[in-house]
Structure formats: C-alpha cells, structure tokens
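Single-structure report; data block below.
The values are calculated or read from the model by the stated rules, or taken from the named source; none is laboratory data. These numbers were taken from a predicted model, which means no experiment stands behind them. Neighbour counts run over all protein chains shown; Cβ positions are idealised from the backbone, glycine included.
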Amino acid sequence: MKRPLSPHLQIYKPQLTSVLSILHRITGVVFLMGLFLVCAWIYALSEGEASHSYFCQWFSQPLFKIFLFSILASSYYHLLNGIRYLFWSLGKGFDLKNIYYSGWAVCFLALISTIITALLI
C-alpha cells in the first residue's frame, strides 16, 4: 500500500506568515553572530590598545559596515517580532486581519528603527 507523500515547500506559495516566521529564525542566528562580535570586541578591549585598534580597523571596512547594518536590522526585527509572538501567546491578534497587519507593522517598524539608529551612529 502506497502512502501519499506530503506536499513539499516547492508546491506551496510563500505567504507573509511563513516568510516572517522563517525570517524570525534567520534573524535570531544573525543576532547571535552579533553577540559573538560584541564578545570579541570586549575581549579586544581587555587585551590592550593595540588589539583594540586592530579590531577597530575591521569596523571601518565597507563590507564589515554592511554586516553591522544587517546585525542591527536583525536585532530590531527579532525584537519586534518577538513582542508580536508574545501577544500571540496571550491569545491576542490571532484573526487573519491582525496577523497580516502586525506582520507588516513589524517589518515597517524594524526598517524605520534600523535606519534611524544607523543615521544616529
């Protein structure tokens, strides 16, 4: 007796809810990489001025600045989407209209917060 295969991801059309859920996991990993970077920076501070200045040279590289911007964006998105999930844990905002509204709001607020913080730094 052949059992039916469950549908694969290639069959499904990506929806906002699934994309935001996957993005939440990805930004969690990027945020963790940022925490490792902060730990490395603190270690470089503890090693002395030469080590710290060498570490700061990396911060001035354009590719590294893009990486820092992505860590900042990931931090804001992960924080705001985590708050959204906390509301869901309380049983609030589960109707389809609020799910899509809060999803777009998280994206918009994360983008605006990232841009404002990057301009202030």
Checklist outcome for this item: Here the residues within the stretch 100-121 that are within 19 Å of I22 (Cα to Cα), in contact (Cβ under 8 Å) with a residue 40 or more places away in the chain and either touching a Lys or Arg at 6+ places or on another chain (Cβ under 9 Å) or surrounded by fewer than 16 Cβ atoms within 10 Å (Cβ to Cβ) (or both) are Y100, G103, W104, V106
Next on the checklist: Give all pairs with beta carbons closer than 8 Å in which a residue from the stretch 1-22 that is under 18 Å from K97 (Cβ atoms) and polar (S, T, N, Q) meets a residue that is in a loop (DSSP other than H, G, I, E, B) and at pLDDT 70 or above; count only pairs at least 6 apart in sequence or on separate chains.
Outcome noted: S18/Y12
Next on the checklist: Please determine whether any residue of the stretch 56-72 is of a type in the set (V, I, T), assigned to a helix (DSSP H, G or I) and over 20 Å from L111 (Cβ atoms).
Outcome noted: no
Checklist entry - Any idea which of F59, F55, F31, F69 is over 19 Å from the mean Cα position of the chain (by Cα), closer than 23 Å to T117 by Cβ, surrounded by 15 or more Cβ atoms within 10 Å (Cβ to Cβ) and not hydroxyl-bearing (S, T, Y)? => result F55
